[in-house]
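Colleague: Structure provided below as structure tokens; questions to follow.
Computed from the coordinates by the stated procedures, all read-outs in this text should not be read as laboratory data. Note that the structure is predicted; figures quoted are calculated from it, not measured. For neighbour counting, all protein chains shown are included, and Cβ atoms are generated from backbone atoms with ideal geometry for every residue, glycine included.
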Amino acid sequence: MKICVLPGDGIGPEIMAEAVRVLEALELGFEMEEALIGGGAVDATGTPYPEATSRLAKAADAVLLGAVGGPKWDTLPREQRPERGLLAIRKELGLFANLRPAILYPELANASSLKPEVVAGLDILIVRELTGDIYFGQPRGVEERGGERYGFNTMHYTESEIRRIGRVAFEAARKRGKRLCSVDKMNVLETTQLWRDVMTELAPEYPDVELSHMLVDNAAMQLVRAPKQFDVMVTGNMFGDILSDEASMLTGSIGMLPSASLDENNKGLYEPSHGSAPDIAGKGVANPLATILSVAMMLRYTFGREEAALRVEGAVKKVLAQGYRTGDIFEPGTSRVGTRQMGDAVLAAL
Ligand code: NAD
Ligand code: IPM
Ligand code: MN
């Protein structure tokens, strides 16, 4: 059981150190090997996704990633930017299914940006398509046209791409509350009309799941108006990126939101949904819980170790109940701790 560990940039190494300590404490005999990705990889090798990292990631059963990116690399040519490394590994490993659960732990009800009664008991799963859409569409670029600069990107999906993410979402809904909301912009975009059509065509195969459709602008609004109306949401790469950040705040902080990116065989890349947080990097204050909860998702989805996953999630619940809070979820009456102390608390709870 091999895990490729990619700490990345900014707070990446800080939160990863805690996640690795949790993994080691479980004593499940995982072999871990670290490699470069993102800005650190650009600095060391000139490319954000070096060949050595690619080889290690392909040979591993799972990849655990911190975060990539930062202002230092924002002016590089696009193909050398850290984010390209992340997109490349997702594409190369065929990780088309991105699962982003937004769960409100009762202890964080007051940290949510919404009123406690609106979010209490929130448990939604966003299923985001991850290897298609405008993120990867060609042609793309910025060119000189008609005497001015012209920027263009291409949104596209094949019906088979839509069908395979649709199946993941229907299956997930089947195991949960049996409600699936597909989010699109079919009133304007042809690609997403196809999205809606394919989701509708799949529905008869899942008679136990209730399928609904929603336009993305309304979905963004409904997520903050009455988020508990949702069980599973399925959407494309771009809308899913935006809606999952929005959903994270309902749970108290983006520092709480884990994610799993899976291929057809449940090989996966696991990472927090947040970025490298350059504003707090190096200070030892970042919340490591999203990364630690990503470890739990890895144990569950790639390694089938449900009991170990529940142990990690139980430990996170326990430290929240004990009042440990990093700065992003701090409120009066709780104890503010740093990244390492939060990791210590999770280890003690384990
Ligand atoms: P971000 O998620 O890094 O940060 C947004 C805000 O949330 C910041 O105020 C940050 O301090 C806070 N935050 C994020 N994670 C936190 C944590 N664990 N604990 C406490 N606070 C946390 O988003 P951004 O600022 O838009 O992007 C910064 C860089 O990260 C960019 O280069 C971007 O491309 C990159 N990024 C990478 C990933 C990834 O690697 N998966 C995801 C998103 C953004
Ligand atoms: C995420 C990030 C990435 C994305 C960026 C860094 C490429 O925002 O994982 O949500 O847009 O997918
Ligand atoms: Mn994002």
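Colleague: Give the share of C-alpha pairs in each 5 angstrom bin for segment 124-216, from 0 to the last occupied bin, in whole percents, shortest bins first.
Modeller: Computed distribution, short to long bins: 3, 13, 21, 21, 15, 10, 6, 5, 3, 2, 1, 0.
Colleague: For segment 101-258, what proportion of DSSP beta bridges, expressed in % and rounded to the nearest 5, is antiparallel?
Modeller: 40 percent
Colleague: Right, another one. Spin-label point model (7 Å from Cα, Cβ direction): what's the GLU201 to SER335 distance in nm?
Modeller: Going from the GLU201 label point to the SER335 one covers 5.8 nm.
Colleague: What is the diffusion coefficient of segment 101-258 in µm²/s, taking the Kirkwood radius over Cα pairs and the Stokes-Einstein relation at 4 °C with a viscosity of 1.567 mPa s?
Modeller: In µm²/s, the coefficient rounds to 78.
Colleague: Could you state the per residue volume, in Å³, of the convex hull enclosing the Cα atoms of segment 220-288?
Modeller: Taking only Cα atoms, segment 220-288 has a hull volume of 120 Å³ per residue.
Colleague: Right, another one. What is the antiparallel percent of DSSP beta bridges lying wholly in the chain, to the nearest 5?
Modeller: 45 percent
Colleague: Among VAL234, PRO332, GLY284, which residue has its Cα furthest toward the positive end of the charge dipole of the chain, with +1 on Lys/Arg Cβ and -1 on Asp/Glu Cβ?
Modeller: PRO332
Colleague: Let me ask another. Could you compute Rg(Cα) / (2.2 N^0.38 Å) for segment 167-323, with N its residue count? Can you show the working numbers first?
Modeller: Details: Rg = 17.1 Å, N = 157, 2.2 N^0.38 = 15.0 Å.
Rounded to two decimals, the normalised Rg is 1.14.
Colleague: Rounded to the nearest whole Å³, what is the per residue volume of the convex hull around the Cα atoms of the chain?
Modeller: Hull volume normalised by residue count: 140 Å³.
Colleague: Ok, one more. Let me see the pair-distance distribution of segment 1-86: every alpha carbon pair, 10 Å bin width, integer percents in order.
Modeller: The calculated distribution, bin by bin, is 19, 48, 26, 6, 0.
Colleague: Taking the Cα centre as origin and putting +1 on Lys and Arg beta-carbons and -1 on Asp and Glu beta-carbons, what dipole magnitude results for segment 101-258, to the nearest 20 debye? Intermediate results must be reported in sequence, preceding the final value.
Modeller: On the way: 17 positive and 23 negative charges, 63 e Å.
Value, rounded to 20: 300 debye.
Colleague: Something else now. Set Lys and Arg Cβ to +1 and Asp and Glu Cβ to -1, take the dipole of segment 106-216 about its Cα centre, and tell me which of TYR135, LEU194, ILE124 lies farthest positive.
Modeller: The residue sitting most towards the positive pole is ILE124.
Colleague: I've got another one for you. In whole Hz and in residue order, list the ³J(HN,Hα) couplings for segment 16-24 that follow from phi through the Karplus curve 6.51 cos²θ - 1.76 cosθ + 1.60, θ = phi - 60°; x for Gly and Pro.
Modeller: 5, 4, 6, 5, 5, 4, 5, 4, 5
Colleague: Of the peptides 223-236, 199-212, how do they stack up when ordered by the mean number of other Cβ atoms within 10 Å, highest first?
Modeller: Highest mean packing first, the order is 223-236, 199-212.
Colleague: With +1 assigned to the C-beta of every Lys and Arg and -1 to the C-beta of every Asp and Glu, and no other charges, what is the dipole magnitude of the chain about the Cα centre in debye, to the nearest 20?
Modeller: The calculation lands at about 440 debye.
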